[in-house]
Amino acid sequence: MSFQPRELTADQLRRICDPGALPFQSTADLEELTDIIGQERATRAIEFGLDIPYYGYNIYALGPAGAGKTTTIIKDLERKAATRPVPNDWGYVNNFATPDEPRALRLPPGRGPTVRDDLDRLLKTLEEVFPRAFESEQYATHRKELVEELEERRQALFRHMEQFARERGFTILQTPMGLLFAPVIDGRPITGEQYAQLPEPVRRHFEAQQPVLQAEMEKTLREVKELGEEAEKRLRNLDREIAAATVGPGFDELQARYRDWPDIVDFLQQVRSHMVQHVDRYKRTAPQEEAREESPIPTTLLFARKESPFDRYRINVVVSHQGRTGAPVVLETSPTYYNLIGRIERSAEFGTLITDYSQIKAGSLLRANGGYLVVDARALLRQPLAYEALKRALRHREVRIEELTQQFSLIPTAGLSPQPIPLDVKVVLIGDPFTYYLLYAYDDEFQKLFKVRADFASEMDWNEHNLLHVARFIRTRCAEENLPPFDVSAVARVVEHSARLVEDQRKLTTRFAHVADVVYEAAYWAQQAGHAVVTAEDVQRAIDERRYRSSLVEERVREAIVTDEIMVDVTGERVGQVNGLAVVALGDYAFGKPTRITAKTFLGQAGVINIEREARLSGRIHDKGMLILGGYLGGKYAQDKPLSLSATITFEQTYDGVEGDSASSTELYALLSALSGLPIKQGIAVTGSVNQHGEIQAIGGVTAKVEGFFDVCKAKGLTGEQGVIIPEANVSNLMLREEVVQAVAAGQFHIYPVRTVDEGIAILTGRPAGERGPDGKFPPDTVNRLVDDALADLAMRLKNFGRPSKPEKEPEEANNKEEKGEPEPPGEPGLPGDEPEPVDGNQ
């Protein structure tokens, strides 16, 4: 009995890009690429997120690495930003009422440095003019007249008090203890001894005058004090009048220049008033020179921080859009808390850290205010408090610059608390899908703040439109990096490699970072070979060299298989043994590795035992695939008998764990072989998962698996009978190397697509699987018949195990019972009446 399997032809093993179908001779004939390739869905989502003006419509762009997320988003943002107005500049200024809360100052778009420089020029002028204003002859005359007037009034008060004392027989003496009244006798003040010798009536007369004199003195001193205060006030008012006259013209001009900006006008008025009210700070000439002469402290330390008392009035411009023509687009590559929010720097002076509003620095949120901020999501989450600070700013629509240390300090310390700045920004987070799903599931605020999901695809259709875009992409890379042009054959080979990257004959990769790598390396090898134009051979050299650089482990594994250190047979037949295929991923390189899978069946009711699971070397998906085998066996063979067997299945010489269900069909084939006793061709490897209906399902990595087994067969010697069984659903995923395609074309290697387990087992054993007939039985000598009989025999042997054997009935007695219509004694329910064929010796 023979079986003819269906094979794939060489044309079905890869899709060829016909260079003759491309409408150019080389990439030099093409225009550079300006559009985004293959990301229509993500582009529409980004445009929607940028256009919608409502709260919370920030964007999370998710997709695989190398898909061009950052490039796409930056280009879209720059195009959108060019149509928007330039946002306001921002600065911090001194808050004269509460210096520890610096005031946020809104400045004209792009003109913040101009406002700052205008004020700086005025302050510099005032620094020179102020001292001269108080050194003028006119000021000195006014001040002298005022002082002389006040001094004359003071002297008049004292003269009046002296006259008052003389009229009562006293004079005023100046002592270290102050002013004292002394009695006068014969025009001369007397001493204490003389006073004691005076007659009693005279002394009583003098003593009676003391309260009156004391009251007069207190009155006079009070008037002198009031006169002093009046003098100080009149002198201060004089200084303020001079100061107001000095600063007035300059501030009038500035306030008129920025009259359309109320915040600036108000700040200038505050500076003007504060300067006039504190004029004493600016009257002295050359304060630094005086300090140098008087202070023993080194000048470099004394003036390390403040060089002028006018510095307190300067504007600290923290955000400037000078020279910008649209809204800002900021890409934050290091999203720490300080880089995002801003920081308050400190200076060390005399061993102490000090700060003021001039040391406030803006973060990327403020630099992007009025525009767009792009942040890597995973980099953001790795930084302490950065993600929470970003959410807080977006939620409250303001940026509050705070010192991070204050949030962790157990003891409050004095510091600055700058006023918050209103925030109007679109934030775009770029990350992988897993991070997005985690944030969406576990962070309620994330759902409210990032409502737009831009999903970047990893592949696009292979069609004429996208072929031309790939060619233009190569043209753009050549122009940017000054590479030689690619001829049409080289472009075709890059396109084929692009399809190989996604393992699909109908698709091309959109992870253009990987395509660009091949472009650069092909250009390198072309230059090494002295080619003026990159050819298909140069591209293939780049691909081969990349594979060679990464294939050390693959070669070592293959050598171990060839030397039988790892036992894998590629010739002959064995019962209960089949070659499975796995994919080993090592960074940017993956290769197929054949693995021997064996099965043993024996009497018992343990079912199918997964040795990897018992050894805790298998993953959940692999365990599921093993459990499916029991469902398939029960549905296929145990409708008329109990499924009574014990079987073990294992991946031989596997020590690091097994995951995935792509070998579940392979394990089933090994089990069917062990039950039926039919040997399996060792030259045919198998991949594919199976469901309970016996249908072979698609798997991943089919190209690597086929090539991996081919390389092993080639190393051990091709016989013309070797090949691989793959799911038919994976045929379109084949993009095999040219070497494998040529071997298939020459009949040295074979690839068999299958839809069901029956097709696969027929290929492996060379015997038809067999279908149940109207009588419910499989045809004789088919795989399924042998398996069914073996399971029936196992069930019967298990039932009779340990029981004494019964003598066989006499033929005549049996015939008489049949003629009389007497039924046979009931046996085990579900067991067939005919005797099963013996099971393979593996049991």
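The values are calculated or read from the model by the stated rules, or taken from the named source; none is laboratory data. Computed from a predicted model, the values in this text were never measured in an experiment. Counting neighbours? That spans all protein chains shown, and the Cβs are built from the backbone with ideal geometry, glycine included. Heavy atoms of the whole protein, side chains included, go into the accessibility calculation; ligands, DNA and RNA do not. Shrake-Rupley method; radii C 1.70, N 1.55, O 1.52, S 1.80 Å.
Worth pointing out:
- Cβ-Cβ distances below 6 Å connect the following pairs, each with a first residue in the range 530-544 that is under 18 Å from Arg475 (Cα atoms) and open to solvent by less than 60 Å² (accessible area, probe 1.4 Å), a second residue that is aromatic (Phe, Trp, Tyr) and outside any helix (DSSP H, G or I), and a separation of six or more residues or different chains: Val534/Phe486.
- Cβ-Cβ contacts under 7 Å between residues 6 or more apart (or on different chains), taken from a first residue in the range 582-601 that is acidic (Asp, Glu) to a second residue that is surrounded by fewer than 21 Cβ atoms within 10 Å (Cβ to Cβ), are listed as Asp588/Ser550.
- Some residue of the range 246-263 being of a type in the set (Phe, Trp, Tyr), closer than 19 Å to Phe310 by Cα, in a helix (DSSP H, G or I) and at pLDDT 90 or above: no
- Output for the range 398-413, where each listed residue is at pLDDT below 70 and in a loop (DSSP other than H, G, I, E, B): Ser409, Leu410, Ile411, Pro412, Thr413
- Of all residues in the range 558-584 being closer than 13 Å to Val712 by Cα, out of contact with any Pro (no Cβ under 6 Å at 6 or more places or on another chain) and assigned to a loop (DSSP other than H, G, I, E, B), the one that is least open to solvent (accessible area, probe 1.4 Å): Val570
- Pair list, Cβ under 6 Å, 6 or more apart: the range 316-327 residue more than 15 Å from Leu365 (Cβ to Cβ), other residue polar (S, T, N, Q): Asn316/Ser358
- Residue in the range 330-361 that is nearest to Leu77 (Cα to Cα), counting only those that are open to solvent by 40 Å² or more (accessible area, probe 1.4 Å) and touching a Gly at 6+ places or on another chain (Cβ under 7 Å): Asn339
Results for (1) open to solvent by less than 50 Å² (accessible area, probe 1.4 Å); (2) among the aromatic types (Phe, Trp, Tyr); (3) in a loop (DSSP other than H, G, I, E, B), shown as yes or no for each residue.
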| site | (1), (2), (3) |
| --- | --- |
| Pro594 | yes, no, no |
| Arg616 | no, no, yes |
| His622 | yes, no, no |
| Leu627 | no, no, no |
| Leu633 | yes, no, no |
| Asp640 | no, no, yes |
| Thr648 | yes, no, no |
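- Residue match in the range 661-677 (condition: acidic (Asp, Glu) and surrounded by fewer than 20 Cβ atoms within 10 Å (Cβ to Cβ)): no
- When Ala215 is tested against (1) at pLDDT 75 or above; (2) open to solvent by less than 60 Å² (accessible area, probe 1.4 Å); (3) in contact with a helix residue (DSSP H, G or I) (Cβ under 9 Å, 6 or more places away or on another chain), only condition (3) is not met.
- Residue list for the range 692-736, restricted to those being of a type in the set (Ser, Thr, Tyr) and either assigned to a helix (DSSP H, G or I) or open to solvent by less than 10 Å² (accessible area, probe 1.4 Å) (or both): Thr703, Ser732
- Some residue of the range 62-70 being open to solvent by 30 Å² or more (accessible area, probe 1.4 Å), farther than 30 Å from Tyr440 by Cβ, not in a helix (DSSP H, G or I) and not polar (S, T, N, Q): no
- Scan of the range 121-148 for residues that are hydrophobic (A, V, I, L, M, F, W, C), surrounded by 13 or more Cβ atoms within 10 Å (Cβ to Cβ) and more than 13 Å from Val279 (Cα to Cα), ordered by number: Leu122, Leu123, Leu146, Val147
- Hits in the range 469-487 - residues which are assigned to a helix (DSSP H, G or I) and open to solvent by 30 Å² or more (accessible area, probe 1.4 Å): Arg472, Arg475, Arg477, Ala479, Glu480, Glu481
- Filter pass, Ala490 being among the small types (Gly, Ala, Ser), surrounded by 22 or more Cβ atoms within 10 Å (Cβ to Cβ) and touching a helix residue (DSSP H, G or I) at 6+ places or on another chain (Cβ under 8 Å): yes
- Of the listed requirements (1) open to solvent by 10 Å² or more (accessible area, probe 1.4 Å); (2) closer than 26 Å to Ala582 by Cα, Gly770 misses just one: (2).
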